[in-house]
Amino acid sequence: MRKIGASELIINSDGSVFHLHIRPEHLADKVILVGDPGRVDLVGSYLSEVESETSSREFHSITGKYKGVGITVLSTGIGCDNIDIVMNELDALANVDFTTREIREQKRRLMVLRIGTCGIIQPDIPIGSYIFSKVSVGFDGLLNWYGDRDQVVDKAMEEAFLKHVDWNRYLPVPYFVRASDRLASLFADCTVQGMTVSAPGFYGPQCRVVRLPIVMPDLMERLESFGYDGMRILNFEMEGSAIASLARKLGHDGATVCLGIAQRYAQNADADYKSLMGALVRLCLDKLAES
């Protein structure tokens, strides 16, 4: 069996994985990802029987129990580049023997749910809505660095989108990946579900203009008008496509649910959303505990 080289998967002297500083025995099967390290404490405040807590750079984690179910909550920082680290290291914790550096024959299947915030694209969806990314649209290009990307994407949806928006050739090729069916079903009764754009930035890549012009000035209108398989593009965020695509490639359940805090069509926003986020966190914990 192939041994994974020390330079390919770095293991710290305490037996934890390089960036996350989590040890294999401290990873629960159900994982909540949040962007802000401070939000880990919010989720962690609902956990009992805390087993471990680590902090390294933007990666802060707590593992404990919620209603008797093991939960790991982990902050990722912002962007799909960080998600590349997080998803690969979570999978290594689950499926690589750190002693032999060999892939385990018996695989663990993780359930990875990101709880985040987003900007709403569609005019009929109000601020405060919970939006589940049934399909993540990757503007980031991360998946295209991995082999056999077409095994996990919806090619027909991609082609329809590229034609509809007249995609600029200098931008990364978008990819369309469906969230875990299991998680989509779990959240069907309490969220608005559709397509979500994962952008590689907060300003230009999400069609925000402050001082710099953007390369596709009419992209927002084209996103709003695109539809496929009964779904619309509902919102912008910055991590979901990497979670959905890498989870599918690695054999895990992955998805993103976001609180809408900005209405891009109406051009308004709610910067004081912490109480609403608390309610979403509690909902997600309840859903994971019952699954």
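Listing for the model above:
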{"item": "Lysines whose Cα lies under 18 Å from that of residue 30, excluding same-chain neighbours fewer than 8 positions away", "result": "65, 67, 107, 249, 287"}
{"item": "Percent accessible area from carbon and sulfur atoms, the chain, protein chains only, probe 1.4 Å", "result": "50"}
{"item": "Difference of contour (0.36 nm per residue) and Cα-Cα distance, residue 182 to residue 57", "result": "41.8 nm"}
{"item": "Convex hull projection area averaged over all views, the stretch 133-291, Cα basis, nm²", "result": "10.1"}
{"item": "Peptides 236-246, 33-43, 162-172 ordered by average Cβ neighbours within 10 Å, highest first", "result": "236-246, 33-43, 162-172"}
{"item": "Per-peptide average of other Cβ atoms within 10 Å, ordering 49-56, 91-98 highest first", "result": "91-98, 49-56"}
{"item": "In Hz, Karplus ³J(HN,Hα) per residue of the stretch 13-28 (6.51, -1.76, 1.60; θ = phi - 60°; x = Gly, Pro)", "result": "5, 8, x, 9, 6, 3, 7, 7, 6, 9, 8, x, 6, 9, 9, 7"}
{"item": "Distance between modelled label sites at residue 290 and residue 65, nm, 7 Å Cα→Cβ extension", "result": "2.1"}
{"item": "Cα-Cα pairs of the stretch 200-291 separated by more than 17 Å (percent)", "result": "66"}
{"item": "Cβ-placed point charges (K, R +1; D, E -1), dipole of the stretch 1-142 about Cα centre in debye, nearest 20", "result": "400"}
{"item": "Cα-projected label distance for residue 18 with residue 222, points at 7 Å along beta-carbon direction, nm", "result": "3.8"}
{"item": "Cα-centred dipole magnitude for the chain, charges only on beta-carbon of K, R (+1) and D, E (-1), debye, nearest 20", "result": "160"}
{"item": "Residue-normalised accessible area of the stretch 138-291, expressed per residue, 1.4 Å probe, Å²", "result": "48"}
{"item": "Per-bin percent of Cα-Cα distances, the stretch 1-131 [10 Å]", "result": "12, 40, 31, 12, 4, 0"}
{"item": "Summed side-chain charge close to residue 94 - residues other than residue 94 whose Cβ falls under 9 Å, Lys, Arg +1, Asp, Glu -1", "result": "+2"}
{"item": "Per residue, the convex hull volume that the Cα atoms of the chain enclose (Å³)", "result": "139"}
{"item": "DSSP beta bridge pairing in the chain, given as percent antiparallel to the nearest 5", "result": "50"}
{"item": "Cys residues of the chain counted as unpaired, since no other Cys beta-carbon is under 4.7 Å", "result": "80, 190, 207, 284"}
{"item": "Potential lengthening between residue 145 and residue 267 on full extension [0.36 nm per residue; Cα-Cα distance subtracted]", "result": "40.4 nm"}
{"item": "Within the stretch 188-282: Cβ-based charge dipole about Cα centre, in debye rounded to nearest 20 (Lys, Arg +1; Asp, Glu -1)", "result": "200"}
{"item": "Chain lengthening between residue 203 and residue 109 when straightened (0.36 nm per residue, less Cα-Cα)", "result": "30.3 nm"}
{"item": "Packing-based ranking, highest mean first, of 116-126, 79-89, 8-18 given that Cβ atoms within 10 Å are counted", "result": "79-89, 116-126, 8-18"}
{"item": "3J(HN,Hα) from dihedral phi, the stretch 227-242, Karplus parametrisation 6.51/-1.76/1.60, rounded to Hz, x for glycine, proline", "result": "x, 7, 6, x, 10, 10, 7, 9, 7, 10, 8, 9, 9, x, 5, 5"}
{"item": "Average accessible area per residue (Å²) across the stretch 62-101 - probe 1.4 Å, nucleic acids and ligands excluded", "result": "29"}
{"item": "Separation between Cα centres of the stretch 38-78 and the stretch 206-224, rounded to whole Å", "result": "36"}
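The values are calculated or read from the model by the stated rules, or taken from the named source; none is laboratory data. Here the structure is a predicted model, which means the values were calculated and not measured. Ideal geometry is used to build each Cβ from the backbone, glycine not excepted, and the neighbour counts take in all protein chains shown. Note: accessible area is taken over every heavy atom of the protein model, side chains too, but ligands, DNA and RNA are not part of it. Shrake-Rupley method; radii C 1.70, N 1.55, O 1.52, S 1.80 Å.
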